[in-house]
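One structure below.
Bear in mind these aren't lab numbers, they're just calculated from the coordinates by the rules spelled out. What you are looking at is a predicted structure, and each value in this text was computed from that prediction instead of being measured. Reconstructed Cβ throughout: ideal geometry from the backbone, glycine too, with neighbour counts over all protein chains shown.
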Amino acid sequence: MSKTVEKKHVGLEVGHIVAKYLFDSEDLHYGDWSGGLEPCVRNFPQAQRRYSERILENLPDGVRTVLDVGGGAGTLARKLQDRGLEVEVVVPSAYLAGKCREKLREGTPVHECTLQDFAPGRTFDLLVFSESFQYIPVAEALDACESLLAPGGHLLLFDCFRENVPGRCPIKGGIRRTDFDREMPRRPFREVLDLDLTEAIAPSFDVFADMLQNLALPLGSVVAEHARSQYPWVTKLVHWKLRPRIDKLQRRYFSGDFDGAAFRKWKSYRLMVFQRT
Ligand SMILES: C[S@@+](CC[C@H](N)C(=O)[O-])C[C@H]1O[C@@H](n2cnc3c(N)ncnc32)[C@H](O)[C@@H]1O
């Protein structure tokens, strides 16, 4: 596994531990703030529940078997099981796979591998990607989708797109729009639904911005000040060594550009359903 991929996995695992402790939520997506929910940190679990409901509300008719791709800690998979669906999960992190096994029905297949390496020799009625499509190169994800869906099967993506807007977006991640628009028309998929939910997701970034300014920044200052007074030489050395990295973090997260407005400008968040033809 490459270092970048490993870093992403660790980030998600840390995210799960923090979110579970702070919010008692195990979802690893941004949440959906529609319906007048006030964007603030204590409402995060509610926004995340709303997000999962959005997926459940848009399940295609007649689905019996589901593969939850990049199923995180298994919360959505469990909800799908509670609806009577036969669910399998693909998740390449051993830590998250363990969390899935804890909450899914006994015997639920949890495949600890990437989608690209998953070769079950069977097809599913539905593939669900809840904020996980963006982690996989588009062509590789679609190759896998083609082989895992029989004609008539469905693909549901609820994820972020990196739109073709000039300038440097401080928010990382997202499916590259150019790649998606180039690949999709070449594939045997018919679009059934394309809901633009950017407005419903963007407030998460105002909540993150608030956490950065009012939690991370003051905490960081207190720790840095303490280190400076207690260990001046070590602090100077560490600061000198990590300077480029610190500057990069400051530019990205503390320049005042990392917020819902940036998300609305550079990203879009869609719920899309496609049918394999
Ligand atoms: C942002 S999390 C979303 C988790 C979950 N679907 C949710 O909504 O809470 C992204 C998920 O994609 C998974 N993932 C990353 N790369 C993947 C790959 N190549 N194949 C399958 N899953 C992958 C991660 O392990 C993680 O579970």
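Quick rundown of the values:
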{"item": "Whichever lysines have a C-alpha closer than 16 Å to that of Lys248, once near sequence neighbours (fewer than 8 apart) are set aside", "result": "Lys172"}
{"item": "In nm, spacing of pseudo-spin labels at Leu56 and Thr123 (7 Å Cα→C-beta vector)", "result": "2.9"}
{"item": "Computed log₁₀ I(q)/I(0) - Debye formula, equal Cα scatterers, no solvent, the range 203-253, q 0.23, 0.29, 0.31 Å⁻¹", "result": "-0.92, -1.09, -1.12"}
{"item": "Contour minus Cα-Cα distance for Arg245 and Val18 (0.36 nm per residue)", "result": "79.4 nm"}
{"item": "Over 28 Å between alpha carbons, listed pairs Lys103/Lys265; Lys99/Lys265; Lys8/Lys103", "result": "Lys103/Lys265; Lys99/Lys265"}
{"item": "Assigned charges on the beta-carbon of Lys, Arg, Asp, Glu; the chain dipole about Cα centre (debye)", "result": "1080"}
{"item": "Positive-pole candidate from Pro151, Phe208, Pro166, dipole of the range 89-212, charges at beta carbon", "result": "Pro151"}
{"item": "P(r) of the range 1-106 over all Cα-Cα pairs, binned every 5 Å from zero, in whole percent", "result": "2, 12, 21, 22, 19, 15, 8, 2, 0"}
{"item": "Kirkwood estimate for the chain, i.e. one over the average of 1/r between Cα atoms, Å", "result": "20.2"}
{"item": "Dipole in debye (nearest 20) - the range 203-253, about Cα centre, beta carbon charges: Lys, Arg +1; Asp, Glu -1", "result": "420"}
